[in-house]
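**Q** Structure below; questions to follow.
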Amino acid sequence: MPRTLARILIDDHLVDGDPTPGEEIALRIDQTLTQDATGTLVMQELEALGLDRARTECSVQYVDHNLLQADERNAEDHEFLRTAARRFGLWFSKPGNGVSHPTHMQRFGIPGKAMVGSDSHTCAAGSLGMLAIGVGGLEVALAIAGEPLWLRTPEVFGIRLVGELPPWVSAKDVVLEMLRRHGVGGGVNRILEYHGPGLAGLTAMDRHVIANMGAELGATTTVFPSDHAVEAFLRAEDRVHDFRPLAAEEGAVYDLTDEIDLSALEPLIAKPSSPGNVVPVREVEGEPVSQVVVGSSANPGLRDFAVVAAMLAGRQTNDAVSVDVNPSSREIFADLTRMGATFDLITAGARIHQAGCMGCIGMGQAPASGRNSLRTFPRNFPGRSGTPEDSVWLCSPETAAAAALTGVITDPRALAEKLDLPVPDLALPERATVNTEMLVPPAAPEDARHQELVRGDNISALPDFEPLPDELDLPVLLHMDDDVSTDEISPAGAQALPYRSNIPELARFTFTRIDEDYPDRAKDTGPHAVVAGDNYGQGSSREHAAICPRFLGLAAVVARSYARIHWQNLANFGVLALEFTDPADLDRLDVGSTLHLRGLHGLGKTRELTATDDDGAEYRLTHHLSARQIEAVLAGGQIPRLAHRD
């Protein structure tokens, strides 16, 4: 049977298992990506695994999230990561080089390779024809150590693109249309594969925008063919030798299908506070705006900044709007400056920040409470911006620039008509300002083995977790609805993230966006459970959202369904992830109930168990964990499981 591109990539890397949707498989991994918000734990896990040197073709440690140095903690973590990269044989990208995803695409991405990253937006590399999957840090550590990636085989969702994008509509509107149609759970346990004649008008960086936000649909990853657009991108980066044509085989059949007529799209925007809350911009025109932020891995291309500069050139931004520009890489910042666009942005009133994630992860640029902030970012979960009562909207660069000029949400087509604006004719350079010297290559083995890891006082040891007992009596401490994000479980932002290497301190922030008393109640209670609705744990891959609750005594989560990465992270750190057989049972359990679980050591033989509460009411529960995952949960997590195995 003719194969989809996703299936070709899976077959090329398959080392174990049956690649039938739903079945567990193991894949050989060629590359890994880590960033500083998750990388410190990965380096500690490499220590715990006793790794001598990375066994992948290419592994890169980026510093792109926690760039604000308000005190010593972030700077000390950066030094820890630098020395750890040297010790274990990784490339190192220092602060200011840029967001990991576009920088990796520029310097290391190769069509046909398989990559895992400890960042949920690792899937952006699918724009180059890579099989790139965001996972928890421990799985990245295992991949660096030469172990395969285990996952449930996804379905392949084929999206056929036809037509051509009209003026004032861009790639962000394509993925917002996918979110409008399918919501934040529409890609769970699926690979999104784009194909069709509409691809001809999308550059590699356009595809990056779409692939990046596949994470917001919950997708395992997104893949695009490696074609003329990828070849042109690699040529501009002086890496055309890495090009390899890849596409689905003629007549390939997809598990699910959809079609988007690009010519029929209009400017779209995601309202607060979910990427899936998408409407046409024209429906919300006139809403006042106090902040516009351009940048992030979701709109990282030179074109995305240049179109904003062209729209602002010779004009002044509205005096009620703070316009912030976060270049996505040092290379793109250099190209933007070389073509004169940085001058246009500065003179128009924009504030230029360093290349990095910045406000996307809540590290600076927090908006005023209750004021609308328009961002070219991937996520707008409640409080993610750093402001508890935020009002963040997600949009294209064109829509962001229109609001920057008018002070209200404005359809860029309406602005163009009012001001008689021509469609920007962007004279982008054919060759990028390539700077290979900004990246530190792996140290020679004889030098690496003598490298000491430089640890600040804020770096704690990984906690040890006890094996799962056969019986548990668990008070329910939280009752939550659908789509709880990892930002709500373990918050990002300038207050919490500097403790990313210090689990006892970071644990004090756990679930505080849902219940500020949870950390104290959890410590006083001991082993406990939480219950939730569908898509529990959506969003970031940060394994802190599993480790910190586990540190505070969380033994089990019972939900209607889970987001893929967090579900795996729970198993990795010994938290039992159960599901309601009858979704209505969620409403029968509330804070104050106690769940009695028995026969847990037999979960490897059955997918079902019956729990009771103090009144004797029964709850039929199930799980979808593999035998390997059950073994890890029973051992107290993957690290003790591997230690016991050795």
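The values are calculated or read from the model by the stated rules, or taken from the named source; none is laboratory data. Since we're looking at a predicted model, the values are computed, not measured. Glycine gets a Cβ as well: all are built from the backbone with ideal geometry, and neighbour counts include every protein chain shown.
**Q** Let me spell it out: the conditions are (1) in a helix (DSSP H, G or I); (2) more than 28 Å from Glu331 (Cβ to Cβ); (3) of a type in the set (Gly, Ala, Ser), and Ala252 meets all of them except one. Which number is the exception?
**A** The failed condition is (1).
**Q** Hey, another quick one. For region 169-177, check the following and say yes or no: at least one residue is closer than 28 Å to Arg235 by Cα, in contact (Cβ under 8 Å) with a residue 24 or more places away in the chain, in contact with a His (Cβ under 8 Å, 6 or more places away or on another chain) and of a type in the set (Asp, Glu).
**A** Looking for residues that are closer than 28 Å to Arg235 by Cα, in contact (Cβ under 8 Å) with a residue 24 or more places away in the chain, in contact with a His (Cβ under 8 Å, 6 or more places away or on another chain) and of a type in the set (Asp, Glu), one finds none in region 169-177, hence no.
**Q** Buried (at least 24 other Cβ atoms within 10 Å of the Cβ), in contact with a Gly (Cβ under 6 Å, 6 or more places away or on another chain) and touching a residue at least 60 places away in the same chain (Cβ under 8 Å): does that describe Ala355?
**A** It is true that Ala355 is buried (at least 24 other Cβ atoms within 10 Å of the Cβ), in contact with a Gly (Cβ under 6 Å, 6 or more places away or on another chain) and touching a residue at least 60 places away in the same chain (Cβ under 8 Å).
This table checks each residue for (1) in a loop (DSSP other than H, G, I, E, B); (2) of a type outside the set (Val, Ile, Thr); (3) not assigned by TED's automatic domain parsing to the domain that holds Gly196.
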| residue | (1), (2), (3) |
| --- | --- |
| Thr40 | no, no, no |
| Leu51 | yes, yes, no |
| Asn66 | yes, yes, no |
| Glu76 | no, yes, no |
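**Q** Go through region 373-408 and report how many residues are without any contact (Cβ under 8 Å) to a residue 24 or more places away in the chain and either crowded, with 24+ Cβ neighbours inside 10 Å or under 19 Å from Gly537 (Cα atoms) (or both).
**A** Total satisfying the criteria: 0.
**Q** Of the numbered conditions (1) surrounded by fewer than 19 Cβ atoms within 10 Å (Cβ to Cβ); (2) not in a loop (DSSP other than H, G, I, E, B), Pro467 fails exactly one; give the number of that condition.
**A** (2)
A quick yes/no check of all residues on (1) within 30 Å of Thr38 (Cβ to Cβ); (2) in contact with a helix residue (DSSP H, G or I) (Cβ under 9 Å, 6 or more places away or on another chain):
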| position | (1), (2) |
| --- | --- |
| Ala571 | yes, yes |
| Gly574 | yes, yes |
| Arg588 | no, no |
| Val591 | no, no |
| Leu603 | yes, yes |
| Leu621 | no, yes |
| Gln629 | yes, yes |
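**Q** Give region 112-155 a look and list any residue that's surrounded by fewer than 24 Cβ atoms within 10 Å (Cβ to Cβ) and among the hydroxyl-bearing types (Ser, Thr, Tyr), or say none.
**A** The one that is surrounded by fewer than 24 Cβ atoms within 10 Å (Cβ to Cβ) and among the hydroxyl-bearing types (Ser, Thr, Tyr): Thr153.
**Q** Only residues that are within 19 Å of the chain's Cα centre (by Cα) and surrounded by fewer than 20 Cβ atoms within 10 Å (Cβ to Cβ): list them for region 274-313, please.
**A** Asn277
**Q** Tell me which residues, restricted to region 163-205, are crowded, with 23+ Cβ neighbours inside 10 Å, touching a Ser or Thr at 6+ places or on another chain (Cβ under 7 Å) and farther than 19 Å from Tyr254 by Cβ.
**A** Ser170, Lys172, Asp173, Val184, Ala204
**Q** Right, next: Would you check if Val140 is over 20 Å from Val42 (Cβ atoms) and touching a residue at least 24 places away in the same chain (Cβ under 8 Å)?
**A** Judged against the criteria, Val140 is not a match.
**Q** Find all pairs meeting these conditions: Cβ atoms under 8 angstrom apart; at least six residues apart or on different chains; first residue within region 587-611 and outside the structural domain of Ala627 (by TED's automatic domain parsing) and charged (D, E, K, R); second residue assigned to a helix (DSSP H, G or I) and surrounded by fewer than 13 Cβ atoms within 10 Å (Cβ to Cβ).
**A** Sorted first by the residue in region 587-611, then by its partner, the list stays empty.
**Q** Could you please let me know if Glu139 is within 22 Å of Gln35 (Cβ to Cβ) and either at pLDDT 95 or above or not polar (S, T, N, Q) (or both)?
**A** yes
**Q** Go through region 231-246 residue by residue and tally those that are of a type outside the set (Asp, Glu), surrounded by fewer than 19 Cβ atoms within 10 Å (Cβ to Cβ) and out of contact with any Ser or Thr (no Cβ under 7 Å at 6 or more places or on another chain).
**A** Matching residues across region 231-246 total 5.
**Q** I need a count of the residues in region 429-471 that are within 26 Å of the chain's Cα centre (by Cα), within 26 Å of Leu41 (Cα to Cα) and in contact (Cβ under 8 Å) with a residue 60 or more places away in the chain.
**A** The total comes to 10.
**Q** Are there helices (runs of 4 or more DSSP H) fully within region 86-195 with at least 3 residues that are of a type in the set (S, T, N, Q) and outside the structural domain of Tyr562 (by TED's automatic domain parsing)? List them.
**A** 100-107
**Q** So which pairs qualify, if the first residue must be in region 9-32 and in the same structural domain as Ile110 (by TED's automatic domain parsing) and assigned to a helix (DSSP H, G or I), the second must be modelled with pLDDT of 95 or more and of a type in the set (Gly, Ala, Ser), the Cβ gap must be under 6 Å, and the two must be at least 6 apart or on different chains?
**A** Every condition considered, the pairs that remain are His13/Ala114.
**Q** Kindly list the number of the only condition in (1) in the same structural domain as Glu398 (by TED's automatic domain parsing); (2) touching a residue at least 24 places away in the same chain (Cβ under 8 Å) that fails for Glu259.
**A** (1)
**Q** Taking region 54-91, which residues are basic (Lys, Arg) and buried (at least 18 other Cβ atoms within 10 Å of the Cβ)?
**A** Arg73, Arg82, Arg86, Arg87, listed by residue number.
**Q** Could I ask something else about it? Does Ile514 fit the bill of being without any contact (Cβ under 8 Å) to a residue 40 or more places away in the chain and either assigned by TED's automatic domain parsing to the domain that holds Arg53 or hydrophobic (A, V, I, L, M, F, W, C) (or both)? Full working, then the answer.
**A** Values: without any contact (Cβ under 8 Å) to a residue 40 or more places away in the chain: yes; either assigned by TED's automatic domain parsing to the domain that holds Arg53 or hydrophobic (A, V, I, L, M, F, W, C) (or both): yes.
So Ile514 passes the test.
**Q** Going residue by residue through region 618-628, is there one that turns out to be surrounded by 14 or more Cβ atoms within 10 Å (Cβ to Cβ), modelled with pLDDT under 95 and in a helix (DSSP H, G or I)?
**A** Yes.
**Q** Which residues, taken from region 470-500, are assigned to a loop (DSSP other than H, G, I, E, B), surrounded by fewer than 24 Cβ atoms within 10 Å (Cβ to Cβ), in contact with a Leu (Cβ under 8 Å, 6 or more places away or on another chain) and at pLDDT 90 or above?
**A** Across region 470-500, the qualifying residues are Asp470, Glu471.
**Q** Do you know which of the residues in region 165-197 that are within 12 Å of Glu398 (Cβ to Cβ) and of a type outside the set (Ser, Thr, Tyr) is nearest to the chain's Cα centre (by Cα)? Break it down into steps so the answer makes sense when it comes.
**A** To start, the set of residues in region 165-197 that are within 12 Å of Glu398 (Cβ to Cβ) comprises 165-173.
Filter again for of a type outside the set (Ser, Thr, Tyr), leaving 165-169, 171-173.
Details: Leu165: 26, Pro166: 29, Pro167: 29, Trp168: 27, Val169: 24, Ala171: 18, Lys172: 16, Asp173: 19 Å.
Here the answer is Lys172.
**Q** Out of region 538-569, which residues are surrounded by fewer than 24 Cβ atoms within 10 Å (Cβ to Cβ), touching a helix residue (DSSP H, G or I) at 6+ places or on another chain (Cβ under 6 Å) and small (Gly, Ala, Ser)?
**A** Gly553
**Q** To continue, here is another question. Just for region 409-428: of the residues that are within 30 Å of the chain's Cα centre (by Cα) and not assigned by TED's automatic domain parsing to the domain that holds Leu394, which one is surrounded by the fewest Cβ atoms within 10 Å (Cβ to Cβ)?
**A** The qualifying residue surrounded by the fewest Cβ atoms within 10 Å (Cβ to Cβ) is Leu426.
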